[in-house]
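The values are calculated or read from the model by the stated rules, or taken from the named source; none is laboratory data. All of these numbers come straight from a predicted model, not from anything done at the bench. Virtual Cβ from ideal backbone geometry, glycine too; neighbours counted across all protein chains shown. These accessible areas exclude ligands, DNA and RNA; they are computed on the full protein's heavy atoms, side chains included. Shrake-Rupley method; radii C 1.70, N 1.55, O 1.52, S 1.80 Å.
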Amino acid sequence: MLKNDELGIQAYRELRKMIINGKLAPGQKIIQEKLAAQMGISRTPLRVALHMLESENLIEPKNKTGFKVKTIDNKEILEIFDCRIALESTAAGILAKNITPADAQKLRHFFQPYENSKEGEYESYKKTDTQFHDFIVEKCRNRYLYKLFKQGNLITYIERIGLIRPPEHTLQDHLDIVAAILDRNPEAAEKAMKSHLIKSKEVIEKKLKEELQK
């Protein structure tokens, strides 16, 4: 039989996926009895999973014993983008200096399937977008930078927030980032990544401004 901590990890992965894909909506109360029954586990491993999700800032306390799915407002998204701009633009510049032939090959193929874009590829593109940004930070091989990226849980936020701009507005940005890194041009790579993220941040700034004017 699986131990409670192993069951808890399995439950955490399943619940995390439900939060990322919206099956558990922002602000929704976590009904522990219902989830435990649905997942076929006891309350003990479920509590393990919930505490892991809380540590990732995906859920937050609702009362003394309950939780709800954390809502990420536009102000918080702006703060996340400030961190992303600092870390990811630096990572792109470092990667341009140090990229290996194997990593260059992988990087080259990320967005090739979308260069003759078709409708209905949104979910596939969204997944590729997340993998691309994580790849750049990981493969720059600055352990402290990647640790900051992971500790800040930024890849989870990227997944959860989703695409700020549609694929047709970001594909060329991504191709410019790839080209600069493959050209081993650190300044151009850093500039291209920063420009890409700032454009998305500006969309959120506009939404926040509209909210404040209501």
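Taking the 1.4 Å solvent-accessible surface of the range 150-190 as the whole, the part contributed by carbon and sulfur is 46%.
Each Lys and Arg contributes +1 and each Asp and Glu -1, all at the Cβ; summed about the Cα centre of the range 173-214, the dipole is approximately 200 debye.
For the pair ASP82 and ILE9, a Förster radius of 35 Å applied to the C-beta separation gives a FRET efficiency near 0.65, rounded to the nearest 0.05. Only protein heavy atoms count here; under a 1.4 Å probe, THR65 has an accessible surface of about 110 Å². Restricting the range 81-178 to trypsin sites (Lys or Arg not before Pro) that sit in a DSSP loop and have at most 12 other Cβ atoms within 10 Å of their own Cβ leaves LYS118.
How much length is gained if the chain between LEU175 and THR44 is pulled fully straight, taking 0.36 nm per residue apart and subtracting their Cα-Cα distance, in nm to one decimal? Could the numbers behind the result be given before it?
Details: separation 131, 0.36 × 131 = 47.16 nm, distance 4.70 nm.
Taking LEU175 through THR44 to full extension adds about 42.5 nm, to one decimal.
Using heavy atoms of the protein chains and a probe of 1.4 Å, the accessible area assigned to ILE31 is about 80 Å².
For the range 118-214, the per residue solvent-accessible surface stands at 59 Å², with DNA, RNA and ligands left out and a 1.4 Å probe. Here the range 64-125 exposes an accessible surface that is 51 percent carbon and sulfur, computed with a 1.4 Å probe and the other protein chains kept in place.
For the chain, which span is the longest to avoid every loop-located (per DSSP) member of GluC sites (Glu not before Pro) having at most 11 other Cβ atoms inside 10 Å?
On the way: sites that count: GLU115, GLU119.
The segment 1-114 is the longest one with no such site.
For the chain, what is the calculated [θ] at 222 nm in deg cm²/dmol (nearest 500), taking -39500 (n - 2.57) for each run of four or more DSSP H residues and dividing by its residue count? Don't skip to the end; give the middle numbers.
Working: 10 runs with 151 residues, N = 214.
Counting only the DSSP helices, I get -23000 deg cm²/dmol.
From the coordinates of this entry, Cα extents along the principal axes in Å is computed, and it appears in (i) 54, 51, 36; (ii) 57, 32, 29; (iii) 63, 37, 29 under the label (i). If R0 is 41 Å, the Cβ-Cβ spacing of ASN185 and GLN213 corresponds to a FRET efficiency of close to 0.50.
Which whole-number percent gives the relative contact order of the range 83-214, counting Cα pairs below 8 Å spaced six or more residues apart?
44 percent.
Solvent-accessible area per residue for the range 62-108 at a 1.4 Å probe radius, Å²?
Numbers: 2310 Å² over 47 residues.
Accessible area per residue: 49 Å².
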